[in-house]
């Protein structure tokens, strides 16, 4: 099962995890990304490319399903205005065993950062600024290049 | 051809969407960006430095030297920062 959602509504982790546990998997792994209050950030807004975003997330989820033989892959990304403490993104995987679930979960979030059309704008008091891409994100995504599951 | 702009590219150009009919000489995505610079000072500012731009053709990421071929929708934006 693949579930992809891009929505303005707050992310309800309880509902998402309950949904993925219903698959009967032996292992469920998840990652939650939360807006930080770093350097005086008071707000964060997420813009995306409707249509392409959902297709890109489905593609990432399908890659993970095939590579690790998952039972489920879930990607939920919030868009629009948020404040520190809000959940921005939630990804989860279900597999027979923990290694596949944990590795695939890391793959989902690493690839999402470089392969899906989202843009962050931070607010600090009265000023806003677009967040720049980080080389460390490209490196994290690149470690999943190549075929087969890493040992 | 439908054009879409996101993030600071959209802000500098002043719109998120427009329709254009580029001449035949415009063959690649980079050609298109160069051709669009003449449309307004905002276009010129947004599209000045191609190293800061990324693009998608028909909702797929592509390098800027890609041929446009039969592209119906082209998007310009900064490097993505989701998650």
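What to note about this one:
- Residues B:52, A:120, B:72, sorted so that the one with the fewest Cβ neighbours within 10 Å comes first: B:72, B:52, A:120
- In the protein assembly as shown, helical runs assigned H by DSSP with n ≥ 4 each contribute -39500 (n - 2.57); averaged across all residues and rounded to the nearest 500, the mean residue ellipticity at 222 nm is -9500 deg cm²/dmol.
- Taking A:119, B:8 and counting other C-beta atoms within 10 Å, the order from fewest to most: B:8, A:119
- Helix A:52-68 and the longest principal axis of the Cα set of chain A meet at an angle near 30°.
- Cα-derived Rg to Rh of chain B, Kirkwood definition: 0.92
- The alpha carbon centroids of the stretch A:122-145 and the stretch B:10-74 are separated by 23 Å.
- Sequence of A:136, A:72 once ranked by neighbouring C-beta atoms within 10 Å, starting from the fewest: A:136, A:72
- With the gyration tensor restricted to C-alpha atoms of the protein assembly as shown, the semi-axes of the equivalent ellipsoid amount to 34, 22, 14 Å, longest first.
- Tensor-based shape of the stretch A:32-102 (alpha-carbon gyration tensor, a/c under 1.5 rounded, otherwise prolate or oblate): oblate
- Hypothetical label at residue A:131: residues of the stretch A:1-42 whose amide nitrogen lies under 20 Å (7 Å Cα-Cβ projection): A:5-13, A:30-42
- √(5λ) per eigenvalue of the Cα gyration tensor, the stretch A:2-131, largest first, Å: 28, 15, 12
- Cα→Cβ-extended label distance, 7 Å offset, between residue A:23 and residue A:55, nm: 2.4 nm
- Using 0.36 nm per residue and subtracting the Cα-Cα separation, the extra length available between residue A:8 and residue A:139 on full extension is 44.2 nm.
Only the coordinates and a few stated rules stand behind these numbers; no lab work does. Just so you know, these numbers come straight off a predicted model, no measurement behind them. Note that we place each Cβ from the backbone using ideal geometry, even for glycine, and neighbour counts take in every protein chain shown.
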